[in-house]
Amino acid sequence: MSRFALLAAFVIPMGVQAAGAIAVDDEEGETDPGYGVVTGASSREEAAREAMKECRKSGNKNCKVVVRFDKCGAYAGSKKYYGVGYGRSQDVANTMAMNECGNKACKVLVSECE
């Protein structure tokens, strides 16, 4: 194998990892927050900017980026509690969000993977 082929075999699969983010507009007492989700961005910062745009585009005025992720992200909430999660799978992200939310009334409201 030539040095170029060996280098290509190592570098190409590594590639640029895509990033995602979730922005929400969730006031205490709401059970249906507004949100924006972006996946496939070139960086977490770009994903956050685009998630904010998506959240605001839906008419939400108080959007905040709650989680940035490389593979999967989730947002769980109830009327008084919320939690975020991220990880290698949707189950991992959802479980982390539910654990962080910490209330029986919590449910996963937004969950997305690359």
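The values are calculated or read from the model by the stated rules, or taken from the named source; none is laboratory data. All of these numbers come straight from a predicted model, not from anything done at the bench. Every residue, glycine as well, gets a Cβ built from its backbone with ideal geometry; the counts of neighbours run over all protein chains shown.
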Restricting attention to region 39-74, which residues are closer than 17 Å to Glu112 by Cα and of a type in the set (Ser, Thr, Tyr)? Thr39, Ser42, Ser43
So the check is Cβ under 7 Å with 6+ separation or different chains; which pairs have a first residue in region 43-59 that's touching a residue at least 24 places away in the same chain (Cβ under 8 Å) and within 15 Å of Asp26 (Cα to Cα) and a second one that's surrounded by 14 or more Cβ atoms within 10 Å (Cβ to Cβ) and charged (D, E, K, R)? Cys55/Asp25
Just the residues that are of a type in the set (Lys, Arg) and assigned to a strand (DSSP E or B), please, taken from region 87-114. Lys107
Can you give me the ranges of the strands (runs of 3 or more DSSP E) entirely in region 20-86 with at least 1 residues that are surrounded by fewer than 19 Cβ atoms within 10 Å (Cβ to Cβ) and basic (Lys, Arg)? 64-69
So which residues in region 1-51 are within 22 Å of the chain's Cα centre (by Cα) and modelled with pLDDT under 75, if there are any at all? Met14, Gly15, Val16, Gln17, Glu28, Glu30, Thr31
